[in-house]
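The values are calculated or read from the model by the stated rules, or taken from the named source; none is laboratory data. Please read all numbers here as calculations on a predicted model, not as lab measurements. Cβ coordinates were reconstructed from backbone atoms using ideal geometry, including for glycine residues, and neighbour counts include every protein chain displayed. These accessible areas exclude ligands, DNA and RNA; they are computed on the full protein's heavy atoms, side chains included. Shrake-Rupley method; radii C 1.70, N 1.55, O 1.52, S 1.80 Å.
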Amino acid sequence: MQLSLSSDYACRVLIFLSVEEKSSIPEIAQRFGISQNHLVKVVHRLSILGYLKTSRGRGGGLSLAMPPDQITVGEIVRKMEPHLDLVECFNPQKNECVITGACGLKHLLKEATNTFLSKLDSSTFEDISAKKRSLKKMLLGPEKKHERTAN
């Protein structure tokens, strides 16, 4: 199983904003070395879903719309993934597998998916961002610290 870039980038944005209370799309894209164009779409979706506040103009930017301890990783993955169909038979409209009625793989994979999601549901962005000092150092680097002390 591999998560889509949308889920990956959404988690990165939420981790970043759990550590750094306010930021911008260009800064987050630059810090992670990821596509700013794709990040715009992810941020837009996260804001529509109510996870981010966005504001324009001087002093604007991105921030979390709720505390990170109220956002679970599982809910973000569910909302950002187009589907969690690991195999064809998970989707009755597209299933053409000839052994669906007798095969035990679907049930095993469904159980594994539920266990996976349950584990993600038990972790919040506060939990996975608990090492704030280390994350800040990795994400913001020395140049960001220097800029801040100069102000």
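If only residues of segment 109-132 that are modelled with pLDDT under 95 and not in a helix (DSSP H, G or I) are counted, the one that is nearest to V77 (Cα to Cα) is S129. When residues in segment 1-18 are screened for being among the aliphatic types (A, V, I, L, M) and either open to solvent by 10 Å² or more (accessible area, probe 1.4 Å) or not in a helix (DSSP H, G or I) (or both), 4 of them pass. Scanning segment 19-28 for residues that are under 12 Å from L139 (Cβ atoms) and not β-branched (V, I, T) returns E20, S23, E27.
Residue-wise test of (1) part of a helix (DSSP H, G or I); (2) touching a residue at least 40 places away in the same chain (Cβ under 8 Å); (3) over 18 Å from E21 (Cα atoms); (4) open to solvent by 70 Å² or more (accessible area, probe 1.4 Å).
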| position | (1), (2), (3), (4) |
| --- | --- |
| N37 | yes, no, yes, yes |
| L46 | yes, no, no, no |
| K53 | no, no, no, yes |
| G59 | no, no, no, no |
| M66 | no, no, no, no |
| E75 | yes, yes, yes, no |
| R78 | yes, no, yes, yes |
| K94 | no, no, yes, yes |
| A102 | no, no, yes, yes |
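Only one of the numbered conditions (1) aliphatic (A, V, I, L, M); (2) at pLDDT 90 or above; (3) out of contact with any Phe, Trp or Tyr (no Cβ under 7 Å at 6 or more places or on another chain) is not met by I71, and that is (3). Just one of the numbered conditions (1) under 21 Å from S123 (Cβ atoms); (2) over 15 Å from the mean Cα position of the chain (by Cα); (3) hydrophobic (A, V, I, L, M, F, W, C) is not true of V19: (2). Here is a check on your reading of the model: is I76 among the β-branched types (V, I, T) and closer than 22 Å to K132 by Cβ? So I76 fits the description; yes. For segment 46-68, the set of residues classified as modelled with pLDDT under 90 and among the basic types (K, R) consists of R56, R58, listed by residue number. If you filter segment 80-90 down to residues that are open to solvent by 30 Å² or more (accessible area, probe 1.4 Å) and assigned to a loop (DSSP other than H, G, I, E, B), you find that the one that is farthest from V42 (Cα to Cα) is V87. Scanning segment 25-35 for residues that are open to solvent by 40 Å² or more (accessible area, probe 1.4 Å) and small (G, A, S) returns G33, S35.
It is to be established whether one or more residues within segment 22-31 are touching a Gly at 6+ places or on another chain (Cβ under 9 Å), of a type in the set (A, V, I, L, M, F, W, C), more than 16 Å from S129 (Cα to Cα) and part of a helix (DSSP H, G or I). Even if it seems obvious, please write down each step before you answer.
Just the residues of segment 22-31 that are touching a Gly at 6+ places or on another chain (Cβ under 9 Å), to begin with: 22-25, 27, 31.
When the remaining residues are screened for being of a type in the set (A, V, I, L, M, F, W, C), the result is 25.
Subsequent filtering for residues that are more than 16 Å from S129 (Cα to Cα) retains 25.
Cutting the leftovers down to part of a helix (DSSP H, G or I) gives us 25.
Yes: segment 22-31 contains one or more residues that are touching a Gly at 6+ places or on another chain (Cβ under 9 Å), of a type in the set (A, V, I, L, M, F, W, C), more than 16 Å from S129 (Cα to Cα) and part of a helix (DSSP H, G or I).
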